Amino acid sequence: MDVIKRPDAAELSVTGRFYVQVGFNELFELGQSAWAGAPYEPSDRMERTPDQNLTIIDRLGRIVKQTTVNKRKIRQANPEKQISRINEYLSNIAVEEGIKIRPLWLEPIPAVIYLHELKKKYPNAPSFYGEINPVIGEVDDPV
């Protein structure tokens, strides 16, 4: 409740749910986040592992002592994550298909712009007979 100053946040009970505040007390949208940190274990089919637990019993069949194999120690220290492999797979498909990412924004305009650089960048600025069409600068207008 302290973050968004609304009692709605206290009612969140499902893991991964959150509220996004848009503006100043204008709109609160409920969202769901995902966890993608599972280790990647490549396989085409489910593999069954034999039971390696050891149980010692007495003559009456009661369990005297029991041991279990710690499967966490068997796994790698830093296994590759599923999300990394998915990103790599999608990236390879995009390269094969010739799909390129369109940038979200243009390169920033330099602080100092020289006229000769603008004339090189825009060599064929439209001009009509008798019209004055001076090059005076550059506008950052992504269309």
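The values are calculated or read from the model by the stated rules, or taken from the named source; none is laboratory data. Here the structure is a predicted model, which means the values were calculated and not measured. Positions of Cβ are generated from backbone atoms using ideal geometry, with glycine treated the same way; all protein chains shown enter the neighbour counts.
Looking at the stretch 66-80, can you tell me whether even one residue there is more than 30 Å from Trp35 (Cα to Cα) and at pLDDT 90 or above? Write out each step before concluding.
Here is the first cut: in the stretch 66-80, the ones more than 30 Å from Trp35 (Cα to Cα) are 66-67.
Filter once more, keeping what is at pLDDT 90 or above: none.
No, the stretch 66-80 contains no residue that is more than 30 Å from Trp35 (Cα to Cα) and at pLDDT 90 or above.
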Single condition Ser84 does not satisfy, out of (1) under 23 Å from the mean Cα position of the chain (by Cα); (2) among the hydroxyl-bearing types (Ser, Thr, Tyr); (3) exposed (fewer than 11 other Cβ atoms within 10 Å of the Cβ): (3)
message: Which pairs turn up if I take residues in the stretch 1-19 that are within 18 Å of Ser33 (Cβ to Cβ) and look for partners that are assigned to a loop (DSSP other than H, G, I, E, B) and at pLDDT 80 or above with beta carbon separation below 6 Å, at least 6 apart in sequence or on another chain?
response: Gly16/Ser33
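I'd like the residue in the stretch 26-58 that is assigned to a loop (DSSP other than H, G, I, E, B) and among the hydroxyl-bearing types (Ser, Thr, Tyr) and, out of all such residues, is surrounded by the most Cβ atoms within 10 Å (Cβ to Cβ). Step through it out loud before you land on a result.
Just the residues of the stretch 26-58 that are assigned to a loop (DSSP other than H, G, I, E, B), to begin with: 26, 33-38, 40-53, 58.
Add one more test, that the residue is among the hydroxyl-bearing types (Ser, Thr, Tyr), and what stays is 33, 40, 43, 49.
Values: Ser33: 9, Tyr40: 12, Ser43: 6, Thr49: 8.
Per the stated criteria, the residue is Tyr40.
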- prompt: Limited to the stretch 8-53, what total is found for residues that are among the polar types (S, T, N, Q), within 25 Å of the chain's Cα centre (by Cα) and farther than 30 Å from Ile86 by Cβ?
  reply: 1
- request: Could you look through the stretch 75-98, keep only residues that are small (Gly, Ala, Ser) and in a loop (DSSP other than H, G, I, E, B), and pick out the one that is farthest from Thr49 (Cα to Cα)?
  value: Gly98
statement: Of those in the stretch 99-126 that are assigned to a loop (DSSP other than H, G, I, E, B) and surrounded by 10 or more Cβ atoms within 10 Å (Cβ to Cβ), the residue modelled with the highest pLDDT is Ile99
